[in-house]
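What follows is a single structure, written as structure tokens, with notes after it.
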Amino acid sequence: ILVVEDFAIDREEVVSILQSFRDLSIEEIRTCENGMTALEMTDTFVPDVILCDVEMPYMDGFTLLREVRAQYPDMRF
């Protein structure tokens, strides 16, 4: 799972909530503070799930998802 959120407290809270769902068998949770960093991360880490904020610096959530879709056209959204 890739969590993209510009506020550190919110990012940590989302990760904490995800970690509390032991039944989901989550293998790895990575975090980024903005869409640009997240897009760069997808070059080496292709997440099964992306949870992202809409309003972020450098690249908003809508642009991030549009770019990820272009990079991975076979990925389901």
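The values are calculated or read from the model by the stated rules, or taken from the named source; none is laboratory data. Since the model is a prediction, treat every value here as computed from it, not as a measurement. FYI the Cβ positions are ideal-geometry reconstructions off the backbone, even for glycines, and counts take in every protein chain you see. Each accessible area value is taken on the protein alone, full model and side chains, heavy atoms only, with ligands, DNA and RNA left out. Shrake-Rupley method; radii C 1.70, N 1.55, O 1.52, S 1.80 Å.
Charge tally around Glu55: other residues with Cβ under 11 Å, Lys/Arg +1 each, Asp/Glu -1 each, net -4. Ordering 35-47, 63-75 by mean Cβ neighbour count within 10 Å, with the highest value first, yields 35-47, 63-75.
Taken over the chain, the alpha-carbon convex hull comes to 84 cubic angstrom per residue.
With n ≥ 4 as the cut-off for DSSP H runs, can you work out [θ] at 222 nm for the chain, using -39500 (n - 2.57) per run divided by the number of residues, rounded to the nearest 500? Write out the running numbers ahead of the final one.
Details: 3 runs with 31 residues, N = 77.
Calculated at 222 nm, the ellipticity per residue is -12000 deg cm²/dmol.
Using a 1.4 angstrom probe, figure out how much accessible area region 7-75 has per residue, in square angstrom, rounded to the nearest whole. For region 7-75, the solvent-accessible area averages 72 Å² per residue.
Compute, for the chain, the length of the dipole vector about the Cα centre, with Cβ point charges of +1 (Lys, Arg) and -1 (Asp, Glu) only. Units Debye, rounded to 20.
Values: 6 positive and 17 negative charges, 53 e Å.
Dipole size: approximately 260 debye.
Share of carbon and sulfur in the accessible area of the chain stands at 51%, probe radius 1.4 Å.
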